[in-house]
1. Taking amide H positions as placed 1.01 Å from N in the peptide plane, with prolines and chain starts having none, which residues 5 or more places from E150, or on another chain, fall under 5 Å of its amide H?
2. Between N188 and S108, how many nm apart are label points set 7 Å from Cα along the C-beta direction?
3. Quick one: Karplus J couplings for the stretch 149-158, per residue in order, coefficients 6.51, -1.76, 1.60, θ = phi - 60°, nearest Hz, x for Gly and Pro?
4. Extending each Cα 7 Å along its Cβ direction at K42 and K147, get the distance between those two points in nm, one decimal.
5. Quick one: pull the percent of accessible area on the stretch 141-203 belonging to carbon and sulfur, 1.4 Å probe, ligands and nucleic acids left out.
6. Output the pairs from K147/K190; K39/K109; K109/K164 with a Cα-Cα distance over 31 Å in this structure; if there are none, say none.
7. Express in nm, to one decimal, how much length is gained between K80 and N168 on full extension, taking 0.36 nm for each residue of separation and deducting their alpha carbon distance.
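The values are calculated or read from the model by the stated rules, or taken from the named source; none is laboratory data. Owing to the predicted nature of the structure, the values given are computational and were not obtained by experimental measurement. We place every Cβ from the backbone using ideal geometry, glycine too, and count neighbours over all the protein chains shown. These area figures cover heavy atoms from the full protein model, side chains too; ligands, DNA and RNA do not enter into them. Shrake-Rupley method; radii C 1.70, N 1.55, O 1.52, S 1.80 Å.
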Amino acid sequence: MNKFLFALLLTIVSLIAFPAHAQEEAEEETLAAIPAILKEAKLVNKAKPNLKAKIYFVYQSRSTCGICVSEAPTLVKEYKKMKRKGCEMVMLNIDATPEKAAEWAKRSKMEFPVISPAVSMSCGMPWEYAGRPLLPCMVAMTPDGQKLGEAGGPDVSEFVKDWKKLLNKLRKEEAKERAAARKAEKKNKKKKKADDEGDAEEE
């Protein structure tokens with residue numbers, strides 16, 4: 001195979017393989033930037049986003065969606081509980097105008113951040129089921145982009161009620177990681193001590 005054909009083959013392979021990889025990296029980067037996005041995003045209400053939340057419930061909705069409207073009271077109720085425990089809810093509103101979004105937020109007494117126009121977070125939402133757009137749609141995730149769960153349509157109101165379970169599960173996982181880190185540190189110290197004693201004996 002001559003050099004030209006070899007180079008052409010490499011180019012074709014890279015065009016096929018790397019775009020998907022690049023897209024995955026871009027999504028991870030966007031996920032990790034949620035607190036930064038909240039800090040800069042324009043809100044239609046007077047909410048103060050928690051930029052240090054343990055879990056973010058990112059929610060796409062609009063006031064002309066019947067299911068969205070019927071589920072709003074549940075979200076408002078659960079948010080009052082979760083916000084004191086380290087969780088944050090964010091609505092990416094896709095109403096026709098920010099004014100309509102603001103009117104709905106005020107009417108429904110939404111205390112969580114409502115962003116309108118919605119910003120792109122590329123947060124792995126199940127935007128479509130069976131090829132059709134789905135509203136409402138919610139994804140629970142950590143600030144660094146770890147997806148904890150998702151729901152769409154009429155399942156959103158039940159999904160958001162599980163915030164305690166998700167939070168407890170996350171805390172248990174973090175406790176396990178801390179315990180593993182302590183164990184590894186202890187093992188390393190023990191090994192270092194044994195190595196130091198061995199060096200001293202050789203001297």
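1. For E150, the qualifying residues are A140.
2. 4.8
3. Couplings: x, 8, 7, x, x, x, 7, 4, 5, 6 Hz.
4. Taking the two extended label points, one gets 3.0 nm.
5. Details: 2450 of 4970 Å².
Here carbon and sulfur together make up 49 percent of the probe-accessible area.
6. In this structure, K147/K190 lie more than 31 Å apart at Cα.
7. Numbers: separation 88, 0.36 × 88 = 31.68 nm, distance 1.77 nm.
Here the segment from K80 to N168 would lengthen by 29.9 nm.
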